[in-house]
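As structure tokens, the structure follows; a few thoughts come after it.
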Amino acid sequence: MANRDNNLDIVIIGAGFSGLYMLYKLRKSGYRARIYEKGHGVGGTWYWNRYPGAGSDIESLEYSYGFDDALQQEWEWKERYASQPELEKYLEHVAERFDLNKDIVFGQTVAGLQWDKVAAQWRCEFADGDVVEAPYVVMATGLLSAPKAPDFEGLEEFKGRVLITSSWPHEEVDFTGRTVGIIGTGSTAVQAIPVIAQQAAQLKVLQRTPNFSAPRNNGPLDPDYVHLVKSDYPGWREKQRNSFGGYVSVDFQAMDANPNMAMDLTPAERRAEYEFRWKSGGLCFYTSFQDLLTSEEANEELADFFREKISARINDPEVADLLLPRGYPVLTKRLCADTNYYETFNRENVELVDISSSPIDRFDADGVVLNERKIELDDIIIATGFDAVTGAAIRINVRGEEGRSLADAWQYGPRTQAGIMTEGFPNMFFVNGPGSCTGFFNPVLNVEYQGDWIAELLAHMHSNRTPVVDSTKEAEQAWVDRMEEAAKPTLFWNSENWYIGANIPGKARVMLLYLGGFPAYKEYMESEASGGYPGFSFRSA
Ligand code: NA7
């Protein structure tokens, strides 16, 4: 028998960074909101991805909420980049501090969402058969939360442990004395490999495509740097919000993106900039010049710089050669940030296995069979990435107007207006979803912005007594065109990256996120709001 709850205004799906902020904001705005979360704790990405070495590649002082000054002043981050346990603890603290837990139902998987036109509400069905109904739904389902299915033939026959990085066990996994294999060499594996190599007897890294990685230069936070940020945290946040990507720390100072075109400078000037960024570490390469993602020449020179630096970290020239990324532009697959990744291949117990020349054929009871050899394993770790941006929403059976499914509506790529709504699915809001800046912009600040904007939209609807909202087709098309225009001249099309859906066989190849930068995004959103929301249609129930 279904449970009906008539006291709910808003269902929020997911208790990660996005869902928690939405609950905080919407409750504060007077709505009865509740989160439904599949996991048994808060954290989202930081609840599920608990593999050894997991952590954020955006600095902790920046990858955190800015909405409450007391929170940001009082919370003490330990390291420059927060680890998964620290991030999970932070989000648990936020949930307690703002009394969010009382409105979160854990262990509840949303299986279907159906728009009931007559009642003007969403019917939300859970995997266990329960149902709730509410006029509004917020999809806080995450950007990198739907794992790419591990579709290796014979995997079920393998007698060892199969460990998936994105649903890592809560109890400690001991690799002592074991021969461990890992598939994947993206950001996840680049974080996990150096840590696991220290414990496992043997580690076999099965690499299909080498990635570009910059040193993460992690370590305890310097108190002077923390003092610098906290002495004007709101000002620091403002700098983040006014920047393209939402993270501004370069070499422990807030620094604007370099306004220059690489190719307008001399080779020596470019080299100096890259050396400076290498020393600072991590993702700050994205802001080193304006044309790195549009000029093949500039990009190739940076790729050469990376290859030179990577080579210098590996002892065996043959191994180094296999680890050098070639044939696709640097920065188009998300740059990895590592601690001792390349040095790990200098260890006696680590072997790099090139599965581009000898692909995985299948698994059997005791290991993995490649075209040219078999590797016996005690454990296999799967770090093959995500059906990014759209996967989590589409895996829910969402049915909008006239029963149309979201999966069908997005089969040729997601269509949204500014990442907020998709036409034909009234009263359903997306945060950190397709069409937003997230992924290219700090997702924590993005959800704060989108959440505040949605709350204002709801207030507008309330005062006009029009409780139902949808995106207009025209505004959605205009946004889709705008996204295409921003993405077209870039080099993202020249690699198999998740930003364009190219890591998932059969997924439409479209740029999933808005590449025009957060300032341009805000400008659009502000003109919509101040102009009375011309891109949206409103109606009474
Ligand atoms: P990524 O970056 O998508 O990396 C996945 C890795 O898994 C990558 O090396 C893939 O190689 C490899 N992969 C995927 N499928 C296969 C198969 N079938 N066989 C062999 N190897 C495979 O995911 P991550 O989890 O590391 O990082 C995701 C994001 O999280 C990251 O971008 C940051 O934003 C944080 P490929 O390149 O496809 O040849």
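For the stretch 310-325: of the residues being touching a residue at least 40 places away in the same chain (Cβ under 8 Å) and assigned to a loop (DSSP other than H, G, I, E, B), which is surrounded by the most Cβ atoms within 10 Å (Cβ to Cβ)? Looking at the filtered set, the residue picked out is Pro325. Residues that are assigned to a loop (DSSP other than H, G, I, E, B), more than 9 Å from the ligand (Cβ to nearest atom) and surrounded by fewer than 20 Cβ atoms within 10 Å (Cβ to Cβ) within the stretch 486-503 comprise Lys488, Pro489, Thr490, listed in sequence order. Checked against (1) more than 21 Å from Val137 (Cα to Cα); (2) surrounded by fewer than 20 Cβ atoms within 10 Å (Cβ to Cβ), Glu456 meets all criteria but (1).
For every residue, the table says whether it meets (1) more than 12 Å from the ligand (Cβ to nearest atom); (2) closer than 28 Å to Val173 by Cα; (3) surrounded by fewer than 20 Cβ atoms within 10 Å (Cβ to Cβ).
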residue	(1), (2), (3)
Phe345	yes, yes, no
Asn349	yes, yes, yes
Val369	yes, yes, yes
Glu376	yes, yes, yes
Ile381	no, yes, no
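For Gln121, the test of being farther than 22 Å from Gly43 by Cβ, within 28 Å of the chain's Cα centre (by Cα) and not hydrophobic (A, V, I, L, M, F, W, C) is failed. If you go through the stretch 351-367 and keep only what is more than 11 Å from the ligand (Cβ to nearest atom), closer than 20 Å to Pro505 by Cβ and hydrophobic (A, V, I, L, M, F, W, C), you end up with just Phe363.
Filtering the stretch 384-437 to residues that are part of a helix (DSSP H, G or I), surrounded by fewer than 24 Cβ atoms within 10 Å (Cβ to Cβ) and away from the ligand (no atom under 16 Å from the Cβ) leaves Ile394, Glu401, Glu402, Gly403, Leu406, Ala407, Asp408, Ala409.
Residues of the stretch 180-232 that are more than 22 Å from Trp77 (Cα to Cα), in a loop (DSSP other than H, G, I, E, B) and not polar (S, T, N, Q): Gly184, Gly186, Ala201, Arg208, Pro210, Phe212.
Just so you know, all these numbers are worked out from the coordinates, no wet-lab data involved. From a predicted model like this one, the values you see are computed outputs, not experimental measurements. Here Cβ is always computed from backbone atoms with ideal geometry, including for glycine, and neighbour counts include all displayed protein chains.
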